[in-house]
Amino acid sequence: MIDLELVRKEPEKVEENLQRRRNPEYLRLLAEVRSKDSEWRALRKQADELRRQRNELSQRMAGAKTAGGPTPELVAEAKAIPERLRAVEDRENELLRDRDAALMRVPNLLDDSVPYGKDDSENVEVAKWGEPAPPGDRMPHGDALEALGMAEFDRAHRVSGAGFYYLRGPIVLLDLALQRMAIDFLMERGFTPVIPPFMLRREPYEGVTDLADFGNVMYKIEGEDLYLIATSEHPLAALYRGEILDEERLPIRFIGLSYNFRKEIGGHGVDQKGIFRTHQFFKIEQFIFSRPEDSPKLHEELRANAEELFRRLRIPYRVVNVCTGDVGTVAAKKYDIEAWFPRQQAYREVVSCSNCTDYQARRLGIRMGKAGKPGKSVPHTLNSTAIATSRALAVIVEQYQQPNGSITVPDVLRPYLGGRKELVADAARI
RNA sequence: GCUGAGGUAGCCUAGUCCGGUAAGGCGCCAGCCUUGAAAGCUGGUGGCGGUCUCGCCUCGGGAGUUCAAAUCUCCCCCUCAGCGCCA
């Protein structure tokens, strides 16, 4: 949620920023917020005056009670006010509801450095690392895993549907090794690991995500006010809902460990079979609560951490500055890291790194303060993938695939696999 | 799931039976005192406003009764405790 005070004081600045998204709906929402708000403020003045009269009469009645009871004239006068007040109050509440509903749908204000673009094809490359490998005669990662007996897709689809998978054998250890490597790396940099709830109630969830996600992305638990999390970013952001964070203790750095559940996984494209797009995947996430002035610097820190992890895995990648059409409603600025998939001869997204500024924190009612006293300012929240293991495994299987189909273990992961250098087919598989 | 106790300002608590417009403490801020600090004393300290020595709002949420609701009635939400179930 953007700052209502800013909308009141510098509406042209807000409008100019929203213009950059070139979506007329957002300008309409802003106009609605402004008109409902000024109408509400005018009406509130009226209501305040009526309430003042009512309070004054009530005081006189209270005095008259001890002096032998109020006169009939006084009672009649007092009775007339609630009727008039009710009409004004009903309208007042309606305006407030409409204003806030519109405000909740206004997207975050964009950072100046976000490029204009209509969709992800217009994201701007800002960095690149490593030598993209040629395709050779590699198998797509899904087929390779199946051939090694390390994944079951058909059986998973029969019991859970498309978008699900079984992993089995040594690839599971590789998954755990990736997790552990990322956790160790981040703990050395001051991050605290957290296993959050994997389900959230609706109200806190509305604080962290686009309202449209409730229909498109999240799984709802039937008969309960609970949603499966789409990323650990969400429960981490909601952790301090309604609280006051001591500004002396910021930034707070967390590592989120969770499975993530998503209804929408897209579809078409080459090499669809596999674990690149799934309804369920594991992710190690970086998350930070920061002071407003520190968030741009910390955003770069998150990006640098994610880049370093992929460099340690020796996986070529590039970084894009995500354009207006792809940045979403919550982030003010976003980088994606796209790893090189040699079989597809394409860079594909493996990391998403966002500075959400005060948008989530304000929706969640998180404030900053000193010594427990609330201040005016709202902290910033930032999040970035460290390693989403499914996608990292997919790119490792392509990148490290040997002519005989086996998978070389990246050097940096070997300590986590007891020194193991290679993953080979499971001869005993059924 | 059952039973009970609760939800009051940044925090803790009183007020609820019996309706009259949030008392007190902690913390924080300022002043006094002090070489300095602590202690002590005095004052201030929820939100909003276009009228700012004024006004309105605020007691988990909503609806109702009333001239008037933290207080009475109804519905809902949440937390804790005990019991039940359970890896």
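The values are calculated or read from the model by the stated rules, or taken from the named source; none is laboratory data. This is a predicted model, so every value here is computed, not measured. Because the Cβ atoms are built from the backbone with ideal geometry, glycine has one as well, and the counts that use them run over all protein chains shown. For accessibility, only protein heavy atoms count, side chains too; no ligands or nucleic acids. Shrake-Rupley method; radii C 1.70, N 1.55, O 1.52, S 1.80 Å.
Summary of values
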{"item": "Qualifying residue in the range A:180-202 (condition: assigned by TED's automatic domain parsing to the domain that holds residue A:254 and over 23 Å from residue A:386 (Cα atoms))", "result": "yes"}
{"item": "Condition check for residue A:243: out of contact with any Gly (no Cβ under 7 Å at 6 or more places or on another chain), among the charged types (D, E, K, R) and at pLDDT below 90", "result": "yes"}
{"item": "Count of the range A:176-211 residues which are at pLDDT 95 or above and buried (at least 18 other Cβ atoms within 10 Å of the Cβ)", "result": "8"}
{"item": "Test for residue A:362: is it basic (Lys, Arg), surrounded by fewer than 23 Cβ atoms within 10 Å (Cβ to Cβ) and within 16 Å of RNA strand B (Cβ to nearest atom)", "result": "yes"}
{"item": "Residues that are open to solvent by 80 Å² or more (accessible area, probe 1.4 Å) and touching a residue at least 24 places away in the same chain (Cβ under 8 Å), drawn from the range A:9-35", "result": "A:22, A:34"}
{"item": "Answer from A:405, A:375 - the residue that is of a type in the set (Gly, Ala, Ser) and either free of Cβ contacts under 8 Å to residues at least 12 places away in the same chain or touching a Gly at 6+ places or on another chain (Cβ under 7 Å) (or both)", "result": "A:375"}
{"item": "Filter result (assigned to a helix (DSSP H, G or I) and surrounded by 22 or more Cβ atoms within 10 Å (Cβ to Cβ)) within the range A:220-260", "result": "A:233, A:234, A:235, A:236, A:237, A:238"}
{"item": "Residue in the range A:387-401 that is in contact with a helix residue (DSSP H, G or I) (Cβ under 8 Å, 6 or more places away or on another chain), hydroxyl-bearing (Ser, Thr, Tyr) and open to solvent by 40 Å² or more (accessible area, probe 1.4 Å) present", "result": "no"}
{"item": "Residue that is farthest from residue A:178 (Cα to Cα), among those in the range A:292-337 that are touching a strand residue (DSSP E or B) at 6+ places or on another chain (Cβ under 7 Å) and charged (D, E, K, R)", "result": "A:333"}
{"item": "Enumeration of residues in the range A:316-337 that are closer than 15 Å to residue A:121 by Cα and surrounded by fewer than 21 Cβ atoms within 10 Å (Cβ to Cβ)", "result": "A:318, A:321, A:323, A:324, A:325, A:326, A:328"}
{"item": "Among (1) near RNA strand B (Cβ under 8 Å from one of its atoms); (2) surrounded by fewer than 17 Cβ atoms within 10 Å (Cβ to Cβ), the one test that residue A:6 misses", "result": "(1)"}
{"item": "Qualifying residue in the range A:187-198 (condition: away from RNA strand B (no atom under 16 Å from the Cβ), assigned to a helix (DSSP H, G or I) and in contact (Cβ under 8 Å) with a residue 60 or more places away in the chain)", "result": "yes"}
{"item": "Complete set of residues in the range A:373-382 that are more than 16 Å from RNA strand B (Cβ to nearest atom) and open to solvent by less than 10 Å² (accessible area, probe 1.4 Å)", "result": "A:381, A:382"}
{"item": "Some residue of the range A:391-399 being under 16 Å from the mean Cα position of the chain (by Cα) and more than 16 Å from RNA strand B (Cβ to nearest atom)", "result": "no"}
{"item": "Candidate set from the range A:36-61 (those that are open to solvent by 90 Å² or more (accessible area, probe 1.4 Å) and among the polar types (S, T, N, Q)); member that is farthest from RNA strand B (Cβ to nearest atom)", "result": "A:46"}
{"item": "Helices (runs of 4 or more DSSP H) fully within the range A:65-170 counting 2 or more residues that are within 16 Å of RNA strand B (Cβ to nearest atom) and open to solvent by 30 Å² or more (accessible area, probe 1.4 Å)", "result": "A:72-105"}
